[in-house]
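The values are calculated or read from the model by the stated rules, or taken from the named source; none is laboratory data. This is a predicted model, so every value here is computed, not measured. Cβ placement follows ideal geometry from the backbone for every residue including glycine, while neighbour counts extend to all protein chains displayed. Surface accessibility is based on the protein's heavy atoms, side chains included, excluding ligands, DNA and RNA. Shrake-Rupley method; radii C 1.70, N 1.55, O 1.52, S 1.80 Å.
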Amino acid sequence: MTDSATTPPSQPMAVLPGGEVTENGPMLAADGRPLKHSLNRALRREKLRAFLLISPLLVFILVAFVAPIAEMLFRSVENQIVSETLPRTVAALREDQNLPEAAPGEPVYEALYTDLFIAAEYKSHTRLGSRLNYESTGLSSLFRGTGRDVGRFDTDIYTDQFVEAAPALEDPVAWSNWMADDEIREALPFTADAWDAWVTLTVEANEDDPLEEDVEDFVYTALYRDFANGASPSGFPDVDVSNFESVSIKALFEESDEDWVDPDVWQVIKTYSPNYTDGYFLNSVDMMNGPGGEAEWRPESEQIYLKLFWRTMWMSMAITFSCILLGYPIAFLLSTLPLRTANVLMILVLLPFWTSLLVRTSAWKVLLQQQGVINDTLVWLGLVDDLNRLQLINNATGTVIAMTHILLPFMILPLYSVMKTIPPSYMRAAKSMGANDWTAFWRVWFPLSVPGIGAGSILAFILSIGYYITPEIVGGTSGVFISNRIAYHISSSLNWGLAAALGTILLALVLTLYWVYDRIVGIDNVKLGG
Amino acid sequence: MAGLPPYASTGQKVWHYSYLVICAAIFFFLIAPILIIIPLSFNAENFFTFTPEMLALDPEGYSTKHYRDFFTNPDWQVPLWNSLKIAPVATFLSVALGTLAAIGLSQPHVPFRRAIMAILISPMIVPLIISAAGMYFFYSRIGLQGTYWGVVLAHAALGIPFVIITVTATLVGFDRSLTRAAANLGAGPVRTFFKVQMPLILPGVVSGGLFAFITSFDEVVVVLFVGSAGQKTLPWQMFTGLREQISPTILAAATVLISISVVLLVTLEVLRRRSERLRGMSPG
Amino acid sequence: MAQGSSSEAFVEFERVQKSYDGEKLVVKDLNLSLPKGEFLTMLGPSGSGKTTCLMMLAGFETATHGEIRLDGKSINNIPPHKRGIGMVFQNYALFPHMTVGENLSFPLEVRKLGKSEREKKIARALDMVQMGEFKNRRPTQLSGGQQQRIALARALVFEPELVLMDEPLGALDKQLRETLQFEITDLAHRLGITVVYVTHDQTEALTMSDRVAVFDDGRIQQLAPPDELYEKPQNSFVAQFIGENNTLEGVVERIDATSCLVRLDDGELIDALPVNVSKVGERTRVSIRPERVESNLERLHADAHTLPATVQEFIYMGDTFRTRLKVAGRDDFIMKTRNAPDQPRLKPGEQIRIGWLAEDCRALDA
Ligand SMILES: Nc1ncnc2c1ncn2[C@@H]1O[C@H](COP(=O)(O)OP(=O)(O)O)[C@@H](O)[C@H]1O
Ligand SMILES: [Mg+2]
């Protein structure tokens, strides 16, 4: 063995035969490619492996949870129902010049006739009616009523006159041949459209064979429109319609319900005819699209949502504040007691945490009743008159009391986990420097525990503003939150778009707080249990 | 906090004892509403408060008739069984997928780790009513609304954050040199996983599973929207009872649920102690 | 010895490099070979790449370039669990959910040994580290030193021929460390195993090893038995790192095969042994051990060059005297003399002359 084993550090690194090492220039791996490359490849493999482990869950969450949330967001602006149910009317309204001063012209009514006829067969007009009813009351019955009438409109005069002029026009087989001819279709656009709609309708809704059915009146009405516009396609029976007895479709609609000539009704239809709308969001903040199309406030009596949001916020703040007030002393006590005692007392915090929400809510419902244990006790103690029992439930008081109880563990646990990390020597040091108990606490302990207060408050507040069950049961009408209104719109009023818009606003609020929480505490620092 | 020093002034003493009284009152507030349910559930009458007989400790004032109702009435038994059919399957899904993902997330190089974590934890943060609304819309569209599997999937999604949180917490403390030592001693990756890694993260997995179970077992809002009458669960039945006509059987049901919570809490505490002992965090 | 192609080489690193990020090499061109039964220590400051070398040998990191051979066969492509190398981790890495016995049984179960054979080997391994009665304890119920012993037993129980130890005594107190140092070397020699031991503690390296590899900046600066390392440091890093050392800087004035003359920066001339210098005019840093500095000039050659020095501080240390001198503009020059009757006790401010034998003063790289 000799000293030659060492490489003097001053000697520059040699370029080795494989061309692998150079002090400057890219480092190469054994296969001659840049080392960075193969390291990146190894890193990618590692990332891929981690990703493979995560991906089943990620896919699951995306499908089972994120997609539903996205669907809800979509529903808050989605408004295809008008343009899907009344496609021709929506197109005709675009051309119309009469609105908003007067009712639209005849072409719009002709389009509406076809649309409504088809919608009535599919029974989709009632859904459209209830949708538009959210925007202007009365539209639901308007659609329902005319939907019943539209099949009996006096348009059969066209059918009769056409068949009389050219009997071949009665034959669905002949029709189907004509309608297979592109030239004829081009010459008779309304007819072709109406024919296609009728065929689809017959096959889909009635499950009949169109070649064996009588062609419906609205197809002949469309044919009349085409001919009246001067069409005369070759290969199609040539009928002179100038002497035909005609009927105003607009008048037929007016006869069915005179609201159909009300420009305001048409304005609503027009405002909600685009595929996407801000209407639900405006509604969520007590606004609406006015007749001119600009957003305006709803009438005072219909303004409820801003008040509800505001109530949700301040009640959540009240609940959070009472949680701090009750949670801080407990967390302080637990963190200064010997570990063994603290663990025992911790059970008193964890048992409520683990007890079913329904159980706790039931307990409060039972306790807070006017004939409940609390009032009984107060009466027995003579603090309250038997005839004057306290109203503790079905109002905001009930919600705040019950929710404070429910969320208190969520405040105590983060506070405790922060306080446990404050070394007792800090307080001792402060006292050794002459601080009294209060100063030592206020100047040393309290500032160190503030992160715990922050974490607990955000958590309690986030959980609180989205609560549904407890306010629903103990909140009556004055103690309910925005969540309860959302639930009402989903299951009772069926105004899903509005529910979605309210939900989206609430979600935005919560996610902002979630983001703040992540910044301050870090989501992976959330602790569960002791 | 442990006792007062001999030199404490009167003011300090007064403050010290009033502080203890305040704490006792808060503990009372925390625990009393739950405990009071238990004697009330043995009420012989259909009242929600203590009858004079009960206060006089007269055996006549007490009865188990609400429990009899709970355990025989199909109005309660069917939901109980539905809950017991839904919760374990949802828990299994959450635990299996959640544990895998938590292991993936604890690898050193995970792209978008923070974002993925945020998505996986979000079911815990997003208000239930919003999750329920979205799931109602979306599940109706894909034909899962009102089905058993719809409710199971929804509950599994809600349980995931708890599994992720508890398992990653166990993995954070996991010493990588242990898996290296196992490899060095000759164990292949599979054996290393099952013999070394799995036993050590098991307490986290089990407590995550308990959280997921209780989440599903207690859940009302989502099941109200995603489920149909066929999936009516115990909390749903309680909720209907509380909202419409409240029957004292609800107190018996609540007491049964409290017993379940106590069992879970004890299990969790045992697990926590065990896991701390394994990691040498506290002696004995 | 260096280019490890000798036939008895048991572990060989050949031109091994390692980079974690593709930009910076943390191990640069490592060549090392050790014969069976050798106790080799890797010594170096923290971050010099020792752990990385060990991890490459154990298979937990892959070399970016070069080859690692075990018993003549390349192990680059063998996964860690098939290498059969024992290892003691710095934090012991005892499985907390298994008892001591189960920990030791683990490698034997993996190797599919029968129950009775396992029991025999476990008992023997535990006796070897004097932990026989702790078989049923959990690792957390043991003290640090006991855990260390169990970790050692676990690394040895499956009778590997090569054992790696990464700062195994780092977490223990001084007294326990010394006991265990002795036990480990004793055990290694008794069992005839080859050991690669990592430490940053030079005393540990010097007392335990057959040879020491001094690491710095991803390179072996010197590989030599402990005495040679101390007496004949090959470059200024090793001279500084091992033991106490005085350095002076200057330029080579005259040079031949066995000695050279160095002009210090303040103009004085000194004699030195050329180690890392080859031509006149080169800058050099000379290194002299404090105990080789002579103030009794009669003990030197008549024509030896000497330097003026001012006493700054005189410390009585029982068996030796430690004198801090101001020499050639530096006031951290240490002279160590034996406490002998003829040795004067110097006073601060006293002016003396010092000198040394040319072979004790090594002219190294600047
Ligand atoms: N996994 C790793 N990724 C990136 N760099 C690393 C890694 N491990 C070690 N290093 C870097 O490699 C160098 C050598 O580290 P190491 O081998 O641990 O040194 P030692 O054990 O001698 O203290 C250090 O600069 C360290 O920062
Ligand atoms: Mg190291």
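The A-B contact accounts for roughly 8200 square angstrom of buried accessible surface, both chains included, probe 1.4 angstrom. I want the local charge near residue A:43. Using Cβ-Cβ distances under 12 Å, sum +1 for each Lys or Arg and -1 for each Asp or Glu among the other residues. With Lys, Arg at +1 and Asp, Glu at -1, the neighbours total +4.
Only protein heavy atoms count here; on that basis, with a 1.4 Å probe, residue A:238 has an accessible area of about 130 Å².
Looking at the calculated P(r) for the stretch A:305-525, what percent of the C-alpha pair distances fall above 23 Å? When all Cα pairs of the stretch A:305-525 are counted, 57 percent exceed 23 Å. Using a probe radius of 1.4 angstrom, the carbon and sulfur fraction of the accessible surface of the stretch A:407-509 is 66%.
Residues of the stretch C:38-75 that bury at least 40 Å² of accessible area when the other protein chains are present, relative to the chain alone (probe 1.4 Å, heavy atoms, ligands and nucleic acids excluded): C:60, C:64, C:65.
A straight line joining the Cα centroids of the stretch B:32-101 and the stretch B:235-264 runs 5 Å. For the stretch A:156-246, the direction-averaged projected area of the alpha-carbon convex hull comes to 5.2 nm².
Taken over the Cα atoms of the stretch C:244-364, the convex hull encloses 96 Å³ per residue. Distance from the alpha carbon centroid of the stretch C:33-75 to that of the stretch A:239-314 works out to 81 angstrom. Couplings 3J(HN,Hα) of the stretch A:403-413, computed from phi: 5, 4, 4, 6, 8, 3, x, 5, 8, 5, 4 Hz, in residue order, whole Hz [Karplus 6.51 cos²θ - 1.76 cosθ + 1.60, θ = phi - 60°; x for Gly and Pro]. With Cα atoms as the point set, the radius of gyration and Dmax of the stretch B:76-279 evaluate to 19.3, 67 Å.
Loop-located chymotrypsin sites (Phe, Trp or Tyr not before Pro) in the stretch B:133-184 (DSSP state not H, G, I, E or B) with no more than 11 neighbouring Cβ atoms inside 10 Å do not occur. Using a probe of 1.4 Å, the accessible surface attributed to residue C:172 totals some 20 Å² when neighbouring protein chains are kept in position. Shape analysis of chain A based on the Cα gyration tensor places the equivalent ellipsoid semi-axes at 68, 43, 19 Å, largest first. Here the scattering of the stretch A:334-454 is modelled by Debye summation over its C-alpha atoms, one equal scatterer each and no solvent; at q = 0.17, 0.21, 0.22, 0.23 Å⁻¹ the log10 of I(q)/I(0) is -0.92, -1.09, -1.15, -1.21. Chains A and C together bury roughly 2100 Å² of accessible area, counting both sides, with a 1.4 Å probe on protein heavy atoms only.
Counting only DSSP beta bridges with both residues in the protein assembly as shown, the antiparallel share comes to about 75 percent. Based on protein heavy atoms only, the stretch C:244-364 ends up with 52 Å² per residue of surface accessible to a 1.4 Å probe.
When the Cα convex hull of chain C is projected onto planes of every orientation, the mean area is 22.6 nm². Loop sites by DSSP among the GluC sites (Glu not before Pro) of chain B, restricted to those with at most 16 other Cβ atoms within 10 angstrom, leave B:46-243 as the longest stretch without any of them.
Heavy-atom accessible surface of the stretch A:156-246, averaged per residue, reaches 51 Å², computed with a 1.4 Å probe.
Counting Cβ atoms of other protein chains within 10 Å of each Cβ in B:171-181 and taking the mean gives 5. For the set A:354, B:236, the ranking by accessible area, highest first and with no ligand, DNA or RNA atoms included, is B:236, A:354 under a 1.4 Å probe. Taking a straight line from the alpha carbon of residue C:73, these aspartates and glutamates sit under 16 Å away, with near neighbours fewer than eight places off in the same chain left out: C:8, C:12, C:14, C:161. Straight-line cross-link reach from residue C:347 at under 12 Å between alpha-carbon atoms covers these aspartates and glutamates, not counting any fewer than eight positions away in the same chain: C:313.
Ranking C:270, A:458 by solvent-accessible area of protein heavy atoms (1.4 Å probe, all protein chains present), from largest to smallest, gives A:458, C:270. The contact between chain B and chain C removes approximately 2000 Å² from the accessible area (both sides summed; 1.4 Å probe; ligands, DNA and RNA excluded).
Per-residue SASA remark: residue A:52, around 110 Å² accessible (1.4 Å probe; ligands, DNA and RNA not included).
In the context of the full set of protein chains, residues of the stretch A:417-480 present 45 Å² of accessible surface per residue (probe radius 1.4 Å, heavy atoms only). Histogrammed with a bin width of 10 Å, the alpha carbon distances of the protein assembly as shown distribute as 2, 7, 12, 13, 13, 13, 12, 9, 8, 6, 4, 2, 1, 0, 0 percent, first bin at zero.
Taking amide hydrogens as placed 1.01 Å from N in the peptide plane, the amide H of residue C:87 sits under 5 Å from those of C:164, each at least 5 positions away in sequence or on another chain. With kT/(6 pi eta Rh) evaluated at 37 °C and eta = 0.692 mPa s, and Rh the Kirkwood radius from Cα pairs, the stretch B:160-253 diffuses with a coefficient of 199 µm²/s according to Stokes-Einstein.
Taking accessible area as the heavy-atom solvent-accessible surface of the protein chains with a 1.4 Å probe, which residues of the stretch B:240-278 lose no less than 40 Å² upon going from the isolated chain to the full protein assembly? At a threshold of 40 Å² (probe 1.4 Å), the residues of the stretch B:240-278 that become less exposed are B:242, B:243, B:261, B:265, B:272, B:278. Separation of the stretch B:131-202 from the stretch C:113-144 is 36 Å, based on Cα centroids.
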